[in-house]
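The values are calculated or read from the model by the stated rules, or taken from the named source; none is laboratory data. Everything numeric in this text was worked out from a predicted model, so none of it was measured. A quick note on method: Cβ atoms are made from the backbone with ideal geometry, for glycine too, and the neighbour counts reach across all protein chains shown.
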Amino acid sequence: MNLKLLTCVAFGFSIFAAIPGLNAQQPAATSPAQESTELRPAQSARDVAIERARIMMAEKRYDAGIHAYEDLLKNEPKNAVFMNMIGIAYLNMGNYSLAKKSFERSTKADKKYASAVNNLGMVWYQQKNFRRAIREYQRAVVIDPGIGGTHANLGYAYYKTQKYAEAAAEFRKALEIDPHTFDHNERVGTMMQDRTVENKGLFFFMMAKEYAQMGDAEHCAEYLRKSLDEGYKDVAKAKTDSGFKKVLDDPTVQGVLLRASPTNEKNPATSPGA
């Protein structure tokens, strides 16, 4: 599948993933000033165990990661984050049944843990039950409306059910929270689903319009270009769409729209009878 992307962030470091794998990105290092004035405390056995579980997930050793988090749960049986991470491992392995059980356990352990609710929506989304996914994403948004990735997920689920106005509204909220939502997800344990859509041209045009309304000409032009490359026939309509008004004077946007103009469009000055 093209454009697949899952994003998950756990315990302060990012993991970028495309089902079924995860690629690790290391946490930010301690600042030099802090290192020079403080001695780092010795890691506890718990910290070492958590780091070990992290590494296993980053190395895509999901079975080992599950066992590591299960060992941690023996001492902290109500730790919702550990349960959520087990669910993420199962989801990346394609075991939706056990992923669902893990996320449900996590949400019961902490009813205000929005990431686990979002990830439960991920299970339904991957199983193409988009209406159930929408319900879970909506529930996650109520718990914590400040996670851009959850709004993006809800937007994708709306898009899958052809609720384009609702999808656009959620994409806009996601971008208002974080203009880079579609590049990463910053919250602990929140996953972003794959971005494969049936009508990519229309989807990219919608995204271009959302960026245009934010005045982000660079991203608008990028998505207009993608829409055009996918063969979307109505890209040129951006010229007269009020949603693009803020960026129409941008040279990059103008360049893409020039490409979008029909090649057989008649010039009024040279047309017969002009």
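Some observations on this one:
- Close pairs (8 angstrom Cβ cut-off, 6 or more residues apart or separate chains): at pLDDT 90 or above in segment 196-218, part of a loop (DSSP other than H, G, I, E, B) anywhere: Phe205/Tyr232; Phe205/Asp234; Lys209/Asp241; Asp216/Pro179; Ala217/Asp250
- Looking only at residues in segment 67-81 that are without any contact (Cβ under 8 Å) to a residue 24 or more places away in the chain and assigned to a helix (DSSP H, G or I), the one that is surrounded by the fewest Cβ atoms within 10 Å (Cβ to Cβ) is Lys74.
- Filtered by the rule that a residue be hydroxyl-bearing (Ser, Thr, Tyr) and modelled with pLDDT of 90 or more, segment 160-187 gives a lone residue, Thr161.
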